[in-house]
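The values are calculated or read from the model by the stated rules, or taken from the named source; none is laboratory data. What you see is a predicted model, and the numbers here were worked out from it, not measured in a lab. Positions of Cβ are backbone-derived with ideal geometry, glycine not excepted, and every protein chain shown enters the neighbour counts.
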Amino acid sequence: MASGIPSDEAIRDLFNSAKIVAIVGLSSKRNRPSFGVARYLQSAGYRIIPVNPNETEVHGEKAYASLENIPKEIRIDIVDIFRRSEEVREVVEAAIRIGARAVWMQEGVIDEGAASRAHYAGLLVVMDHCILKAHRRLMD
């Protein structure tokens, strides 16, 4: 787990079974990486849920201030994290509380302690990797 990435098979299984991706830190600003990643995930057939207290809607989806503000009936498969590394632990704890299946820390987002916590709570954990690049590599 220390490498921050599970096997290609495990990630492919996640992509094949996931339906909903909550994107923490998703911005409506077109120049932000989160904006393009969210659009790509939508085009690949996933429902995205924006999580950002400064947004009301992104890519036609209602935004929520936190993971725990997302209605319980929306089952989050992947929590994709676009936040600074020092903010990851709080997001991971919320992902565990809402019953997410996986946490994905984008490139440059690293928190070994939070990754271990999520892993031991039963979540698939990917750290310091771009979900868009991984999806293109494994699913195209």
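Quick notes on this one:
- For the condition buried (at least 16 other Cβ atoms within 10 Å of the Cβ) and of a type in the set (Gly, Ala, Ser), Ser85 qualifies.
- All conditions but one from (1) in contact with a strand residue (DSSP E or B) (Cβ under 6 Å, 6 or more places away or on another chain); (2) in a helix (DSSP H, G or I) apply to Arg137; the one that does not is (1).
- Test: residue in the range 71-94 that is part of a helix (DSSP H, G or I), in contact with a Ser or Thr (Cβ under 7 Å, 6 or more places away or on another chain) and modelled with pLDDT of 95 or more: yes
- The range 1-41, residues that are surrounded by 16 or more Cβ atoms within 10 Å (Cβ to Cβ) and hydroxyl-bearing (Ser, Thr, Tyr): Ser27, Ser28, Ser34, Tyr40
- The residue that is nearest to Ile23 (Cα to Cα), among those in the range 106-118 that are in contact (Cβ under 8 Å) with a residue 60 or more places away in the chain and surrounded by fewer than 16 Cβ atoms within 10 Å (Cβ to Cβ), is Ile110.
- Any hit, the range 23-33, residues being touching a Leu at 6+ places or on another chain (Cβ under 9 Å), modelled with pLDDT of 95 or more and under 15 Å from Val103 (Cα atoms): yes
- Total residues in the range 106-125, condition in a strand (DSSP E or B) and closer than 17 Å to Leu41 by Cβ: 1
- When Val103 is tested against (1) assigned to a strand (DSSP E or B); (2) more than 14 Å from Ile23 (Cα to Cα), exactly one condition is not met: (2).
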